[in-house]
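Below you'll find the structure, written out as structure tokens, and then a few comments.
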Amino acid sequence: MAITAQMVKELREKTGAGMLDCKNALQEMNGDMEKAVDFLREKGIAKAAKKGDRIAAEGLASIKVEGNEAVILEVNSETDFVAKNEGFQALVEELASHLLNNKPSTVEEAVGQKMGNGQSVEEHINAAIAKIGEKLTLRRFEIKTKGDNDAFGAYLHMGGRIAVLTVLEGSTDESVAKDVAMHVAALNPKYVSRDEVSAEEIERERQVLTQQALNEGKPEKIVAKMVEGRLGKYFEDVCLLDQTFVKNPDQKVRQFVESKGATVREFIRYGVGEGIEKREDNFAEEVMSQVNKK
């Protein structure tokens with residue numbers, strides 16, 4: 001069967017694969033469009049497997065809110081360029097919807113679930129890998145619920161380089177919850193309040209601060225008092241409610257939310273790629289390795 005340019009164009013639009021790949025697939029499948037799509041998908045999934053040793057430390061974090069439920073997720077790519085790709089952004093949105101609708105408890109459970117198109121989540125991601133050409137991974141997610149009298153605050157910084165989801169109780173004012181989310185994005189606290197800091201962590205910090213003061217030559221009789229003062233500064237660094245509110249330096253975050261009749265139940269902050277060890281290639285060595293192959 002003769003393979004026309006229009007057929008190649010149609011297959012490219014359906015799959016996002018390259019022109020030559022599309023032409024070869026149509027020839028292999030004797031012009032059957034659907035079989036050619038399957039052929040490319042299978043080929044793409046095989047390609048995806050070869051990308052397994054690559055490091056995906058870029059990508060997007062995103063949030064989807066529907067009524068009293070919300071999901072925050074991070075999907076990684078290899079380059080920041082792909083994070084701006086419409087196909088990648090659509091994948092993130094599709095995964096967010098799936099997670100919110102199916103509520104898996106782990107990433108492992110999520111990737112094995114079926115999506116509306118009949119593919120598993122893993123197959124759906126692999127199909128996107130075949131089209132986009134980079135390793136893509138669903139790294140993590142959390143699903144949260146709230147009451148009718150509470151509010152979600154969703155904030156994306158730099159288009160999804162940082163995503164923060166807050167849950168406020170006692171107020172339905174989403175703008176207040178979003179202001180707190182913006183603060184969390186900026187100052188990156190570890191805890192909501194001092195109550196969440198373990199006794200072990202506080203004692204470890206106290207010991208470090210004590211030794212610091214002694215090393216500075218401070219008299220032992222005033223060291224204990226100094227250490228408690230410095231512990232207060234430590235809590236300001238790690239506890240959201242103790243921090244100075246970014247939108248009003250005259251207020252602590254605690255004062256801000258209390259003035260709105262609310263309390264902060266929890267927050268989740270994702271920074272894209274945090275904790276992933278990024279490979280640092282030696283560019284000169286890479287060039288020489290290519291030269292030596294010729």
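Worth pointing out:
- Tilt relative to the chain, helix 199-215 - C-alpha long axis, 0 to 90 degrees, to 10: 60
- Heavy-atom accessible surface of the chain, averaged per residue, reaches 56 Å², computed with a 1.4 Å probe.
- Normalised by the number of residues in the chain, the average gap of Cα pairs under 8 Å and 6 or more apart makes the relative contact order 18 percent.
- Over the residues of the chain, the helix contribution to mean residue ellipticity at 222 nm works out to -15500 deg cm²/dmol, using -39500 (n - 2.57) for each DSSP H run of at least 4.
- Two-decimal Rg to Rh for the chain - Kirkwood Rh, Cα set: 1.12
- Per DSSP, loop GluC sites (Glu not before Pro) in the range 195-277 with at most 10 further Cβ within 10 Å: GLU216, GLU277
- For the chain, size of Cβ-based charge dipole, Lys and Arg +1, Asp and Glu -1, in debye: 560
- Axis of helix 283-293 versus longest Cα principal axis of the chain: the two differ by about 20°, to the nearest ten degrees.
- Dipole magnitude of the range 54-145, debye to nearest 20 (Cβ charges: Lys/Arg +1, Asp/Glu -1, about Cα centre): 40
- Segments 101-107, 206-212, 134-140, 88-94 sorted - mean Cβ within 10 Å per residue, highest first: 134-140, 88-94, 206-212, 101-107
The values are calculated or read from the model by the stated rules, or taken from the named source; none is laboratory data. As the structure is a computational prediction, the values presented were derived from the model and not from experiment. Don't worry about glycine lacking a Cβ; one is built from the backbone with ideal geometry, like all the others, and counts go over all protein chains shown. For the accessible areas, the whole protein counts, side chains as well, though only heavy atoms, and no ligand, DNA or RNA atoms are used. Shrake-Rupley method; radii C 1.70, N 1.55, O 1.52, S 1.80 Å.
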